[in-house]
Structure formats: structure tokens, C-alpha cells
Amino acid sequence: MKIKIALLFFTAALILISDVFSQQDSSDFKFITHKNKKDSTLLPFYTEQGDWFRNPEIPSFVFQGPDKKFSLGIGGFFNYTASYDFDGISDNLDFVTYDIIVPNDTIQKSQFQMYANTSLLYFKVITKTSHGNLVGYVSANFRGDGNNFNLYQMYIRYIGFDLGVDWSTFSDAASWPVTINYVGLNSMSDALSTLIRYSYKFANGWKFTLGVEQPEFNTAFTNTGSLKQTIPDIPAYLQYSFGNSHVRLSGLYRNLFYRDNISNADRTVTGTGISMTGNVEITKKAQIFFQGLYGKGIGKYVQDLSIDDLSVTPVSAQSGELTALPVYAYYGALQYNFNSKFFTTIMYSQLKVQPDNFYSPSYYSFARQFTGNFFWQFLPAANVGLEYNFGDRTNQNGQNSIANRVEFMMQYNF
């Protein structure tokens, strides 16, 4: 049903577009095979390009108004990925260290998987105004239930404001190293949030951004109950950009609202976080990517912890009460470009949780991930990659398991 709705939406959009442009004799439609940054048709899309490496948002199909103040781009990518786990399994379509089976499954130690449901379609509209570009963007992939068409991002951007569904203000997509593994590294802050935010550029290369984002928190601990959240998450960052590099300092405040079923009282847990992220071009061929993060009660914003939203733990001596779960996480990556079409990256990532006065033998303690890959752009719009992932998970009782995965990917951007 969702696919039918999406196709209906797509067809209706094309009919509407055709009708609009049929009334403007000098409007233009282009199919672009070679995406040159100097092409005036594509220039607005390069100006408003996203930071996510998997989807650069440079379309192949562009409608442009007669005065060139209006542009509509239709694009996306087809992605095919195959993976093989050996000597331990991450029980997930993606390589997620949280989902490494502990203790190791002695019967099943390998698995083979293939998928294409990360393939994505987007529409991007850019209108030039006297106050800057008005941008509208919507994308969807096939990662809904049963591989159904699923809303991924949707936002409107104008005069410094962003409204919609986008990468969280606490996430720094430009600091993520390129991976075949769709969810990246286990310590990454990569949350998608419904938000409103404002960015202000000042001085030379400096930018400050403040956001208000949809809060999400549920508790499954004994003697507690989930409540509707009443205060939004509030992230902010200060960023300095220089050349092809940047460094960002981010902060986050959360207010987690829940029910204490022992005392029949509504309670809150305060969550806070801070991170330093960036990418730095150290030579014309080499670039480093990094993150260092510490926080309490911010499980939603850390890739490995967002699986079960590990934000809180019970207070052992006071049944019905919760406290924020401390976590620190970091990663570092080095990318080396042999030429404009072939590069390799090696990376290491780790995170650890440190619950206060709480012990459960099978409770997650820490995990590590090592990843290395190669990518080759064999055609202007197509690339292939090969990647190796190693991960291990350790629980509070010291039990440890590992997993290994080799992945192959082919992606065609349009």
C-alpha cells in the first residue's frame, strides 16, 4: 500500500510539473550525464549540497524556470549490497556491534545477506529570492516495514532556518567517514530528527546553530512507565570552517519524562552531551575524520545505543526511579585518495557506557569496531566498494563476542 501511495505521489508530481512548465514556453528540462560544477543549471544544487556522503544531492533530471530563478531536481541512487559474516555474527542487516550475539552462537557462526532497500529517491526545489535561496527537499528509501517506501528526510530551508526531518543538529554528517555499512560506525552520532533550527554565519568561517528537536524516550524498566514528552531536545553547535576542512563543538540538553509507578509520581531525568567533531585535509591526498563524545542520557543520539535507546538505568536503592546513563564514544578515520576515482579509508571506533550503581550480567558495557574499505568510481555516476568490518561487544559480566563481515556494494547515482 505504501509503495502504491508513493508511486501515486510521484506520478501526480510529474503531472503537476509538466502542467506548470507547459504554461511557460521558455522553461527548460535537462537530463545531465556529466555533472560539471561550472554548469549553470547545476550551480544552485552545488550551492545547497548536503553533507551526507551517500547522497550528494546533485540531480540528473533538472527542470528550470524561464528566468532561472526556479529549479527542480529529481535524483537519487540505486544501491546493491551483499555481505558475508564469519567467525561470529552481527544479528542485523547492517553491521551493528550492539547486535553481536553474546555469548557466541556455537551453531551458527556465519551468514550471507543481500539487500537493495537503501536505494533512495529525492525531489529538491530551489527558488532564488532577494533574501537567498528557498529550498525544499524530500527523500524516501525502501527501509520501511516489509521494504515499503519510507520517508527519510523532508525539510524547508530559508534565511538561516531549517524546518522538517533532517540530521540532528547534534549530528555532524560532514565528519563521517565513507562506509559501505549503511549505519556507519558504532560511536557515530547519526540521528534523524523532526526539528526547527537557526544558523548564523559570522566573522570568517564561523557558524553558530541552535535547534529545537522532537523528544523521544520510552522506558521498559520494572516499576516505571513511559509518558508523553513535554520539553524538546535542545542541541547547538559552534563550527569553524577553513578550506575543505572544519571543526565543530556541539552540545545537547534533554529532559526525559517518565512515571514512577512505586510512588505514583511523574519524574524527569536530565540528559546532557558534548562532542567535538570534524574533518581536516592534512594533504591534497589525505584527510582525517574524527569525533569525541561524552554525555548522559543521550542514547538516542549514539548509533549503537539508539537500537534500544539506552539512555537511562534504574536507581538500585530506589525502585521506580531512573538515572541518566553516562557514555563516552570516539572514532578516528584516515582517507587516502590515490586519484580522483579511487580511495581507501581505515577507521577505528569505540564506545563505553558507565552505569551508576547498576549491574546486570547481560547488560551492554562497551564495543569496538574496526573498518577498512576501498572505493572505485568506474563511471561518472557509478562506483563500487569492498569493505571489511570487525567488531566486538562486551557485557557487564565480562562476556565477550566478536563478529567479522565482508561487504560489497555497487551504487549508481542519478
Exercise. Which pairs in the list K201/K284; K68/K124; K35/K341; K35/K124; K38/K68; K68/K207 are over 19 Å apart, alpha-carbon to alpha-carbon?
Worked result: K201/K284; K68/K207
Problem set entry | Radius of gyration and Dmax over the Cα atoms of segment 369-414, both given in Å | 15.7, 51
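Please get the size of the charge dipole for the chain, origin at its Cα centre, with Cβ charges of +1 on Lys and Arg and -1 on Asp and Glu, quoted in debye to the nearest 20. Write out the running numbers ahead of the final one.
Working: 31 positive and 33 negative charges, 212 e Å.
The dipole of the chain has a size of about 1020 debye.
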For this session: Would you be so kind as to identify which of G88, F78, I101 lies farthest towards the positive end of the dipole of segment 65-106, taking Lys and Arg as +1 and Asp and Glu as -1 on Cβ and the Cα centre as origin?
Result: F78
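Please state, as a whole number in µm²/s, the translational diffusion coefficient that the Stokes-Einstein equation yields for segment 154-234 at 10 °C and 1.306 mPa s, with Rh defined as the Kirkwood radius across alpha carbon pairs. Each step should come with its number before you reach the end.
Working: Rh = 15.0 Å.
Estimated via Stokes-Einstein, D reaches 106 µm²/s.
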For this session: In whole angstrom, note down how far apart the Cα centers of segment 205-243 and segment 324-379 are.
Result: 22 Å
Problem set entry | All lysines inside 27 Å of K352 as judged from Cα atoms, apart from same-chain residues fewer than 8 positions distant | K109, K296, K300
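Distances longer than 13 Å among the Cα atoms of segment 48-101: what percent of all pairs is that? Intermediate results must be reported in sequence, preceding the final value.
Working: 1046 of 1431 pairs.
When all Cα pairs of segment 48-101 are counted, 73 percent exceed 13 Å.
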Problem set entry | Pairs of Cα atoms farther than 11 Å apart, segment 277-323, % | 74 percent
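Hey, what D do you get for segment 278-360 in µm²/s if you plug the Kirkwood alpha-carbon radius into Stokes-Einstein at 20 °C and 1.002 mPa s? It would help to have the intermediate numbers written out before the result.
Details: Rh = 15.0 Å.
Estimated via Stokes-Einstein, D reaches 143 µm²/s.
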Exercise. If eta is 0.692 mPa s and T is 37 °C, what Stokes-Einstein diffusion coefficient results for segment 172-287, Kirkwood Rh from Cα pairs, in µm²/s?
Worked result: 195 µm²/s
Seminar exercise, completed: Residue by residue through segment 124-136, the couplings from Karplus 6.51 cos²θ - 1.76 cosθ + 1.60 with θ = phi - 60°, in Hz, x for Gly and Pro, are 9, 10, 10, 10, 7, 10, 5, 10, x, 7, 9, 10, x
Problem set entry | Nitroxide proxy distance, nm - points 7 Å out along Cα→Cβ at N92 and T272 | 2.9 nm
Problem set entry | Principal-axis tilt of helix 2-22 within the chain, Cα atoms, nearest 10 degrees | 30 degrees
For this session: Would you please give the FRET efficiency between K128 and Y200, computed as 1/(1 + (r/R0)^6) with r the Cβ-Cβ distance and R0 = 25 Å, to the nearest 0.05?
Result: 0.75
For this session: Mind computing the radius of gyration and Dmax over the alpha-carbon atoms of the chain? Å is fine for both.
Result: 22.6, 75
Problem set entry | Neighbourhood charge, 10 Å Cβ-Cβ cut-off, centred on Q239 and excluding it, Lys, Arg +1 and Asp, Glu -1 | +2
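Over the chain, what is the mean sequence separation of C-alpha contacts under 8 Å (at least six apart), divided by residue count, expressed as relative contact order in percent?
Details: 1068 pairs, mean separation 58.8, N = 414.
The value is 14 percent.
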Problem set entry | Coarse-grained scattering of segment 317-377 at q = 0.26 Å⁻¹, given as base-10 log I(q)/I(0) from a Debye sum over alpha-carbon atoms | -1.07
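Given the Cα-Cα distance of L192 and Y388 and 0.36 nm per residue of separation, how much length would full extension add, in nm? It would help to have the intermediate numbers written out before the result.
Numbers: separation 196, 0.36 × 196 = 70.56 nm, distance 2.59 nm.
Stretched fully, the L192-Y388 segment lengthens by 68.0 nm.
Any read-out appearing in this document is the output of simple, stated calculations on the displayed coordinates, not a laboratory observation. Small disclaimer: the values here were computed from a predicted structure and weren't measured. So basically every Cβ, Gly included, is an ideal-geometry build from the backbone, and we count neighbours across all protein chains shown.
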